[in-house]
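Encoded as C-alpha cells, the structure appears first; notes follow it.
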Amino acid sequence: MSRTIPAPPPSMADELSPLPTLSTDQAVAWLASHGVTVTSTYLTNARRSGQLVAAIVAGKRRYSTQALWDFIVQLPSSTNRGRKNP
C-alpha cells in the first residue's frame, strides 16, 4: 500500500533539497531544529533497513533534506509507545 507524502509546511518548503549534503550528525541537528528528536543510531538503523535513503559522496554517507522529510512523515505517530493500557 502506498502512501502520499504530505507537503511540508510553508516555512520548511524552501529548505528541502534532493541534494545529499548532510552528514548523519547534521541530519540529526536538522531534524532537531524542526522539533523531531532522533539519534544518529536511529538514522543509521533506518538507512540499513532501507527506510531512509542515503548517498555516498566523496566516500561519506550523506542525506538530503527531502529524503529526511519523506522518512519522518512516514513514521507512525504513536504517543502511547511504552505505556501499558490501564
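The values are calculated or read from the model by the stated rules, or taken from the named source; none is laboratory data. The structure displayed is predicted, hence computed values, not measured ones. Neighbour counts are summed over all protein chains in view; Cβ atoms, including those assigned to glycine, are modelled from backbone coordinates with ideal geometry. Heads up: the accessible areas ignore ligands, DNA and RNA and are worked out on the full protein's heavy atoms, side chains in. Shrake-Rupley method; radii C 1.70, N 1.55, O 1.52, S 1.80 Å.
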(request) Give, as ranges by residue number, the residues of the stretch 37-52 whose backbone N falls under 20 Å from the point 7 Å along Cα→Cβ of D25. (result) 37-47
(request) Report the equivalent ellipsoid semi-axes for the stretch 16-57 in whole Å, largest first, defined as the square roots of five times the eigenvalues of the gyration tensor built from alpha carbon atoms. (result) 15, 14, 9
(request) Please turn the phi angles of the stretch 62-67 into ³J(HN,Hα) values with the Karplus equation 6.51 cos²θ - 1.76 cosθ + 1.60 (θ = phi - 60°), one per residue in order, whole Hz, x for glycine and proline. (result) 10, 10, 9, 5, 5, 5
(request) Working with all protein chains in place, sort R48, R61 by solvent-accessible area computed with a 1.4 Å probe, largest first. (result) R48, R61
(request) Please list the non-local residues whose amide H lies under 5 Å from the amide H of R61, H modeled 1.01 Å from N, same-chain partners needing a gap of 5 or more. (result) none
(message) Through the Karplus equation 6.51 cos²θ - 1.76 cosθ + 1.60, θ set to phi - 60°, convert the phi angles of the stretch 53-58 into ³J(HN,Hα) values in whole Hz; use x for Gly and Pro.
(response) 8, 10, 10, 9, 10, 6
